[in-house]
1. Among the residues of segment 262-277, are any within 19 Å of the chain's Cα centre (by Cα), in the same structural domain as D219 (by TED's automatic domain parsing) and within 22 Å of K350 (Cα to Cα)?
2. Identify all residues within segment 175-199 that are assigned to a helix (DSSP H, G or I) and not hydrophobic (A, V, I, L, M, F, W, C); write none if there are none.
3. Determine which member of the set I190, I200 is in contact with a Cys (Cβ under 9 Å, 6 or more places away or on another chain) and either farther than 20 Å from G129 by Cα or buried (at least 17 other Cβ atoms within 10 Å of the Cβ) (or both).
4. Looking at G270 and the list (1) in a loop (DSSP other than H, G, I, E, B); (2) modelled with pLDDT of 95 or more; (3) touching a helix residue (DSSP H, G or I) at 6+ places or on another chain (Cβ under 7 Å), which single condition is not satisfied?
5. Here are some residues: A55, A79. Which one is crowded, with 16+ Cβ neighbours inside 10 Å, in contact with a helix residue (DSSP H, G or I) (Cβ under 7 Å, 6 or more places away or on another chain), at pLDDT 95 or above and part of a helix (DSSP H, G or I)?
6. Considering L248, L291, L272, which residue is surrounded by 15 or more Cβ atoms within 10 Å (Cβ to Cβ), farther than 14 Å from Y321 by Cα, in contact with a strand residue (DSSP E or B) (Cβ under 7 Å, 6 or more places away or on another chain) and touching a residue at least 12 places away in the same chain (Cβ under 8 Å)?
7. Please indicate, with yes or no, whether at least one residue in segment 174-182 is touching a Leu at 6+ places or on another chain (Cβ under 7 Å), under 19 Å from C120 (Cβ atoms) and outside the structural domain of K352 (by TED's automatic domain parsing).
Amino acid sequence: MLASLHDGQPRGVPVLVSRTGLAETRIAASIRDIGREAWDACFAGEVERYDYLLAVEEAGIEDFRWRYVAIVENGRVIAAMPAFVTNYRLETTVEEGGARWLIRRVRKYLPRFLILRLACLGSPCTETGAPGFHPSVPRGRRPALLAQLIHGFERLADAEACPLRGIKDIPETWMPVFRATFEAGGFAAIPGLATAALDIDFASIDEYLGRLSAGTRKDMRRKLKSLQSVRTENRTDITDVLPRVMALYRDTRERSEWQFEALTAEYFTGVLRHMPGQSFCMLYMVDDKVLAANILVCDGNTLIDKFFCMDAEEGRKHNLYYLSWFNNLNYCLEHGVARYQSGQAYYENKVKLGSRLTANTMFFRHRNRILQDLLRLVSPLFAMEETP
């Protein structure tokens with residue numbers, strides 16, 4: 001039955017994978033097969049829900065196939081998680097240097113060296129990979145439902161010929177409840193990148209600045225003088241500047257140590273199209289030239305900075321990273337937003353500017369027990385842990 005999920009096959013109704021009592025585990029090849037109301041009911045309080053995942057699904061991101069695992073009971077979706085299938089390069093999370101150079105050299109002769117077919121619970125495009133549960137589900141039942149989700153996911157991984165299975169970015173707040181479930185499934189844990197966030201518990205930018213160290217406060221006031229030469233535009237349509245935004249994105253991505261999925265123009269336009277009133281792009285211009293673009297999503301309570309891309313030389317000259325930070329804080333203050341989430345990696349500035357970090361954990365399991373033991377041994381080399 002799972003074969004109907006493969007590319008080129010009809011989409012249709014989600015495929016039944018297994019049944020436990022009245023609860024059925026189903027796999028869908030499109031989030032449309034589950035539906036907005038059913039999906040969002042399981043992810044209340046999350047910003048990146050149905051509409052965001054639909055934009056990701058339709059973005060045409062190369063070498064990713066999207067799946068959705070759901071448990072249905074009495075006609076209601078009571079638990080769900082997104083998933084994806086891809087070819088995973090194990091050096092993705094290795095810092096640039098000798099190890100990556102060696103892997104590239106070997107791959108000239110062995111093209112598939114350290115490239116494994118991966119099935120992963122979670123989404124590469126969301127901030128965390130926490131499972132979702134319908135509000136009617138008692139907390140005590142959630143570990144059992146998560147185990148059922150994982151079992152259905154394993155069936156999917158088998159059908160998709162993925163020897164490596166992963167679970168992406170489980171926040172530390174979920175770990176006391178679910179760690180035993182992951183370990184019972186044979187998954188090993190490695191640190192992921194933490195999530196940086198700032199509570200908007202101040203009434204003005206001046207009050208916020210007053211909480212920073214004297215040196216940081218002085219530095220920020222100096223940098224904010226760049227506002228005199230920079231013009232900003234809050235956009236929900238970037239069609240006319242899309243080539244420039246994509247050029248900035250590609251340049252920014254190339255400068256990053258962490259490269260996994262390569263976003264497409266359809267991702268940027270799709271997020272803005274599918275999330276009206278909950279997404280926007282802030283452009284930063286000097287002399288009518290776009291020097292930076294910031295894609296953000298917001299549900300009224302949390303503002304998430306999805307991607308900030310800028311011209312490296314001109315952006316630094318005009319302090320655009322810092323201008324965007326304060327511009328986003330102003331947005332939160334003006335719209336009553338309680339939390340500014342600035343994403344993963346590059347923590348030094350974020351912590352200096354008052355953010356707190358929430359740790360995330362990734363889990364992995366190889367179908368071959370010998371290779372799983374080997375991966376456990378070398379996993380510290382591939383951990384994405386980054387400290388400020």
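1. Taking every residue of segment 262-277 in turn, none turns out to be within 19 Å of the chain's Cα centre (by Cα), in the same structural domain as D219 (by TED's automatic domain parsing) and within 22 Å of K350 (Cα to Cα).
2. P176, R179, T181, E183
3. I200
4. (1)
5. A55
6. The match here is L272.
7. Checking segment 174-182: at least one residue is touching a Leu at 6+ places or on another chain (Cβ under 7 Å), under 19 Å from C120 (Cβ atoms) and outside the structural domain of K352 (by TED's automatic domain parsing).
For (1) touching a residue at least 40 places away in the same chain (Cβ under 8 Å); (2) of a type outside the set (S, T, N, Q); (3) farther than 27 Å from V47 by Cβ, each residue gets a yes or a no:
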residue	(1), (2), (3)
G129	yes, yes, no
L145	yes, yes, no
I150	no, yes, no
A159	yes, yes, yes
E172	yes, yes, no
M175	yes, yes, no
E183	no, yes, yes
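The values are calculated or read from the model by the stated rules, or taken from the named source; none is laboratory data. The structure displayed is predicted, hence computed values, not measured ones. Virtual Cβ from ideal backbone geometry, glycine too; neighbours counted across all protein chains shown.
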